[in-house]
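The values are calculated or read from the model by the stated rules, or taken from the named source; none is laboratory data. This one's a predicted model, so the numbers in the text were calculated from it and none came from an experiment. Because the Cβ atoms are built from the backbone with ideal geometry, glycine has one as well, and the counts that use them run over all protein chains shown.
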Amino acid sequence: MRENLVQLGSFLKSHFKNRVRTKKFLIWVVITPMLLIGFLNLIGGEDDISVGVAVLDRDDSNISKITVSLIRSEDRLDVYEVEDLQEGVDMLKYGEVEALLVIPEDFSERWSAIRNRDEDYEPITFDLYHTSGEHQDLIDTLLKGITADINEFILGDEMKKAVELVNRPLKLRDREASFSDLLLPGGIMIVLLQSGFFAASDNASAITEAMLDKRLKISPVSAIYSMTGMVLMDSLFTTFSGFIALLIGLLLFEITISLVSLLGVTLIIFLSSLIFSYLGCSIGKISSDRASTQGLSSMVIFPLIFFSQAYIFSILFPDYIIAISRWLPIYPAAEIMKRSLFYSIPALHYFLMIGHSLIWLLVAFVIFLYLYKD
């Protein structure tokens, strides 16, 4: 056991020295994340996107369904129907929507009374729950335009209002996230994917090309310990690169988070780095040479990059694609970073995501053991 640990430690040290002596690698680790996050900060300056609105239809009548359809017709609103008030508030809390509109239970009944002029009526009120943020004015303007259409449909050309919005602001989080903010988790994931996969796979394929893997097999110490030392060092460099991307993002996007959140995000960055490094090392093992290794790594990385941005462009994906993406190893890291940086994350949810990453780490390690077993 002592010999195994000594071998692991020696590969850690030698791999560290080789990496530090390589100027191109240091540029990749330090400069690349800085340039990437800086670029994402620049392109994220304009937030010309649609905003999400949850709708709770308590009336559930033909008239209320027509109203929901009318709300859906507004191109700049992404409408999500919810079953109860708590579900809508949770969507607000975790930044999945920007507002919650509640259609009252007696909507169709009062609609008919107003249309028939049965009595001197009070306006029907739609409760609009929201958090203060950059999209608040846009949502308010769009929904007021929709209620104006409803009023015209009920009362014709009369100026009297049949439907009114009642703003109910909620204090759910300290900071409102924007489209440009949500580029940051995706950018960090791109750094981790590229650094983890490319570095580890290139090292593993280089050892195979130099026929050092055969020497490791005849060594009295299992090759698994030697390769694990390399993977651990690659994961530490990847974690360092991801941490630089995180710090630059906090600075450029003007984000303030607690020390606990920072430590929590750093832990998931390290776990993700380990997963990607083990998988990259496995790709390097099955590749015939370094050129094919880069090709195989790219085949894995670039599809995953799209899912690393799924929280920004999720409306573009079919539901089954979104469901699949939540089983991938990038999901827990992106989810924790998104919620820790911009919203809040319950302790239970955080540990569930950590558990998700640990399962993927186990899978990646089993694949690694199978490929490098004596």
Checklist entry - Within the stretch 19-37, is there a residue that is under 19 Å from the mean Cα position of the chain (by Cα), among the aromatic types (Phe, Trp, Tyr), under 30 Å from residue 240 (Cα atoms) and at pLDDT below 75? => result no
Next on the checklist: Cβ-Cβ under 9 Å, sequence separation 6+ or interchain: first residue in the stretch 347-374 and free of Cβ contacts under 8 Å to residues at least 24 places away in the same chain, partner assigned to a helix (DSSP H, G or I) and of a type in the set (Lys, Arg). Which pairs?
Outcome noted: 349/339
Item to check | Filter result for residue 76 (basic (Lys, Arg) and at pLDDT 80 or above) | outcome: no
Checklist outcome for this item: Residue pairs qualifying under the 6 Å Cβ cut-off, at least six apart or on distinct chains, with the first in the stretch 325-345 being within 17 Å of residue 267 (Cα to Cα) and the second being among the small types (Gly, Ala, Ser), are 330/308; 332/357; 333/272; 334/308; 340/261; 340/264
Next on the checklist: If I ask for residues that are modelled with pLDDT under 70, within 28 Å of residue 51 (Cβ to Cβ) and loosely packed, with under 13 Cβ neighbours inside 10 Å, which ones from the stretch 110-144 would you list?
Outcome noted: 132, 137
Checklist entry - So which of 336, 312, 322, 345 ends up being modelled with pLDDT under 85 and either outside any helix (DSSP H, G or I) or surrounded by 20 or more Cβ atoms within 10 Å (Cβ to Cβ) (or both)? => result 345
